[in-house]
Amino acid sequence: MMIYIHDHFAEKISVRDLAEAAFLSERECYRVFQSCLHMTPTEYLTSIRLQMACRMLAETRESVTDIGHACSLGSSSYFGKTFREHTGYAPLEYRLKWQDNGRISRWEADGYQWPHRYPA
């Protein structure tokens with residue numbers, strides 16, 4: 001299911017889609033995520049989308065609006081609100097602070113990782 005999320009994070013994904021991809025019921029899908037990752041499938045999907053948005057903000061010059069849409073995080077206002085809740089920065093603030101590839105991020109310096117970081 002996690003591979004499915006990584007491969008399709010930019011698309012609209014429902015718990016039903018995840019469950020079907022793994023030949024499980026929706027209830028079992030929730031149970032597996034909670035048991036293994038201590039979060040819901042939706043929380044995991046959001047964390048992956050935010051990780052990708054962080055990467056795109058730091059490594060590209062695409063507009064914040066385009067990045068929000070590319071990561072399937074909706075409108076600019078929803079993307080900004082969600083991004084700020086999870087990172088403490090507005091998307092543009094994050095870009096300005098971390099776009100220099102030579103600098104180490106505050107999270108890495110503090111030993112912080114997203115709930116579950118997987119290599120891209």
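For region 40-55, which positions are of a type outside the set (Phe, Trp, Tyr) and open to solvent by less than 40 Å² (accessible area, probe 1.4 Å)? Lay out the reasoning, then the answer.
At the first step, the residues of region 40-55 found to be of a type outside the set (Phe, Trp, Tyr) are 40-43, 45-55.
Matches in region 40-55: Thr40, Pro41, Leu45, Thr46, Ser47, Ile48, Arg49, Leu50, Gln51, Ala53, Cys54.
Which number in (1) within 19 Å of the chain's Cα centre (by Cα); (2) more than 18 Å from Ala70 (Cα to Cα); (3) aliphatic (A, V, I, L, M); (4) in a helix (DSSP H, G or I) marks the one condition that Leu45 misses? So Leu45 meets the others, but not (2). As a summary of the residue check, Phe33 satisfies the conditions (1) open to solvent by 30 Å² or more (accessible area, probe 1.4 Å); (2) touching a Ser or Thr at 6+ places or on another chain (Cβ under 9 Å); (3) not charged (D, E, K, R) except for the one numbered (1).
Identify the residue in region 56-75 that is open to solvent by 20 Å² or more (accessible area, probe 1.4 Å) and touching a Phe, Trp or Tyr at 6+ places or on another chain (Cβ under 9 Å) and, among all such residues, is farthest from Arg95 (Cα to Cα).
Pass one, region 56-75, residues open to solvent by 20 Å² or more (accessible area, probe 1.4 Å): 56, 59-66, 69-70, 72, 74-75.
With the extra rule that they be touching a Phe, Trp or Tyr at 6+ places or on another chain (Cβ under 9 Å), the set shrinks to 64-65, 69, 72.
Values: Val64: 9, Thr65: 13, His69: 16, Ser72: 18 Å.
Looking at residues that are open to solvent by 20 Å² or more (accessible area, probe 1.4 Å) and touching a Phe, Trp or Tyr at 6+ places or on another chain (Cβ under 9 Å), I get Ser72.
Looking across region 76-88, the residues that are under 15 Å from the mean Cα position of the chain (by Cα) and open to solvent by 40 Å² or more (accessible area, probe 1.4 Å) come down to Tyr78, Lys81, Arg84, Glu85, His86, Gly88.
Within region 1-30, being surrounded by 14 or more Cβ atoms within 10 Å (Cβ to Cβ), in a helix (DSSP H, G or I) and without any contact (Cβ under 8 Å) to a residue 60 or more places away in the chain holds for Tyr4, Ile5, His8, Val15, Asp17, Leu18, Ala19, Glu20, Ala21, Glu26, Cys29, Tyr30.
The values are calculated or read from the model by the stated rules, or taken from the named source; none is laboratory data. Since this is a predicted model, take the numbers as computed values, not measurements. Cβ sites come from the backbone with ideal geometry, for glycine too, and all protein chains shown count toward neighbours. Side chains included, ligands, DNA and RNA excluded: accessible areas come from the protein's heavy atoms. Shrake-Rupley method; radii C 1.70, N 1.55, O 1.52, S 1.80 Å.
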